[in-house]
Amino acid sequence: MPFLPAIGAEGQGRQAFAAEPVTLPTIAGLEDPNTYVPADNPLTKEKIELGRAIFFDKRMSKDNTIACASCHMAKKGFADGMPVSTGIKGLKGGRSAPVSFNRVYSKAQFWDGRAATLEDQSIGPFANPIEHGFANHDEMVAKMKKMPGYRKLFQEVFGGEITIQDVGRAVASFQRTVLSGNSAVDKYDIGGDQNALSDSAKRGLELFRGKARCTRCHSGFNFTDEKFHNLGIGWDDNKVDLGRYMETKNPEDIGAFKTPTLREIARTAPYMHDGRFKTLEEVVKFYNQGGVKNPHQDNTIIPLEMTDDEQQDLVAMLKSLNGEGWQHVAPPKSYPK
């Protein structure tokens with residue numbers, strides 16, 4: 001669904017006066033995304049298009065080889081289909097790429113929640129030595145300032161020279177237009193369409209809310225509690241990533257990672273923060289056995305004792321969470337020179 005111009009909205013901060021306000025579409029199964037847009041970064045058509053250009057532009061890396069879109073591909077559920085992300089010079093990160101749709105609803109960003117806002121998240125990878133590769137954000141801004149096309153657009157959109165803060169505002173604005181809702185589960189559960197789900201997926205939905213205990217973490221309309229949990233990933237092969245603990249230094253957060261949304265989950269393999277599971281069947285089996293026990297495991301993770309048939313039903317339900325609201329996303333036809 002395309003985003004739609006709004007009436008009467010006003011820009012704030014360094015926003016240009018001629019900006020065309022935008023209202024995000026309401027999609028079945030989702031709360032109104034417009035209520036989640038921060039007041040200090042209102043959506044405008046011009047800002048979104050600037051963010052789109054930056055998101056897809058490989059010049060936004062040290063060696064012109066990596067764009068945000070390199071790890072967040074529409075056909076792969078806005079992930080990259082790899083166990084861990086690959087940045088400049090083929091360097092490998094330590095975690096898989098989180099999905100970038102429905103980020104308008106998200107609170108703390110990244111697997112470990114180290115970015116408080118989507119604006120902060122949007123600029124983090126640029127100064128990561130194994131992602132976009134710039135030594136710091138000043139180096140990236142200096143490179144952008146050598147492109148008159150970008151300088152002109154920032155002047156028009158924000159009323160001033162390029163700053164890394166405004167880069168974040170633009171990219172975050174574009175990311176907020178990438179939505180996923182109105183899945184087969186929504187059509188059945190909210191729309192009342194009895195034909196939207198197979199009998200197996202219907203049984204899976206009952207399991208999801210009951211015996212499988214999925215809603216203890218994958219709750220709400222976006223199928224995530226936005227919290228952090230230790231499932232035991234890495235404790236069985238001595239490859240423990242400390243996760244949220246590195247941000248909070250709270251022992252309770254050792255090995256804890258953010259609950260991802262389950263929307264579009266059938267498109268976003270492999271799974272977990274280290275991409276260790278290739279299929280949803282493997283993921284369900286992992287949960288069914290109660291994860292991997294460790295001193296910091298979340299107490300909600302217990303053996304589920306589901307039968308093989310029940311596990312298949314749960315997978316059928318999960319595969320019914322692909323939706324719409326992101327299909328409009330495409331690279332710009334040209335980039336600022």
* Can you find even one residue in region 294-303 that is modelled with pLDDT of 95 or more and closer than 29 Å to LEU179 by Cα? -> no
* Within region 27-50, track down each residue that is under 19 Å from the mean Cα position of the chain (by Cα), free of Cβ contacts under 8 Å to residues at least 40 places away in the same chain and not in a helix (DSSP H, G or I). => ASP32
* Would you mind finding the one in GLU20, GLU46 that is within 18 Å of ALA170 (Cβ to Cβ), touching a Leu at 6+ places or on another chain (Cβ under 9 Å), open to solvent by 60 Å² or more (accessible area, probe 1.4 Å) and acidic (Asp, Glu)? => GLU46
* Boolean, PHE223 is touching a Gly at 6+ places or on another chain (Cβ under 7 Å) and not β-branched (Val, Ile, Thr) -> no
* Answer yes or no as to whether GLY290 is touching a residue at least 40 places away in the same chain (Cβ under 8 Å), closer than 27 Å to LEU207 by Cα and either among the small types (Gly, Ala, Ser) or loosely packed, with under 15 Cβ neighbours inside 10 Å (or both). => no
* Is it the case that region 254-262 has a residue that's touching an Asp or Glu at 6+ places or on another chain (Cβ under 9 Å), modelled with pLDDT of 95 or more, open to solvent by 60 Å² or more (accessible area, probe 1.4 Å) and of a type outside the set (Ser, Thr, Tyr)? -> no
* Structure fact -> Among helices (runs of 4 or more DSSP H) entirely within region 141-246, at least 3 residues that are surrounded by fewer than 21 Cβ atoms within 10 Å (Cβ to Cβ) occur in 148-158, 184-189, 199-209
* Asked: Counting only residues that are surrounded by 22 or more Cβ atoms within 10 Å (Cβ to Cβ), touching a Phe, Trp or Tyr at 6+ places or on another chain (Cβ under 6 Å) and without any contact (Cβ under 8 Å) to a residue 60 or more places away in the chain, how many does region 51-90 have?
  -> 1
* To do: Starting from region 294-313, keep only residues that are under 23 Å from ASP225 (Cα atoms) and among the hydroxyl-bearing types (Ser, Thr, Tyr), then list their pairs with residues that are buried (at least 18 other Cβ atoms within 10 Å of the Cβ) and modelled with pLDDT of 95 or more whose Cβ atoms are within a distance under 8 Å, requiring at least 6 positions of separation or different chains.
  => THR300/CYS217; THR300/HIS229
* **The lone exception for SER334 - which of (1) closer than 18 Å to THR215 by Cβ; (2) more than 24 Å from the chain's Cα centre (by Cα); (3) open to solvent by 60 Å² or more (accessible area, probe 1.4 Å) it fails** => (1)
* Asked: Of the residues that sit in region 267-286 and are part of a helix (DSSP H, G or I) and out of contact with any helix residue (DSSP H, G or I) (no Cβ under 8 Å at 6 or more places or on another chain), which one is surrounded by the fewest Cβ atoms within 10 Å (Cβ to Cβ)?
  -> GLU282
* Restricting region 97-140 to residues that are among the hydrophobic types (A, V, I, L, M, F, W, C) and more than 30 Å from THR224 (Cα to Cα), the residue that is surrounded by the fewest Cβ atoms within 10 Å (Cβ to Cβ) -> ALA135
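The values are calculated or read from the model by the stated rules, or taken from the named source; none is laboratory data. This one's a predicted model, so the numbers in the text were calculated from it and none came from an experiment. Counting neighbours? That spans all protein chains shown, and the Cβs are built from the backbone with ideal geometry, glycine included. Areas reflect the complete protein model, heavy atoms only, side chains present, ligands, DNA and RNA absent. Shrake-Rupley method; radii C 1.70, N 1.55, O 1.52, S 1.80 Å.
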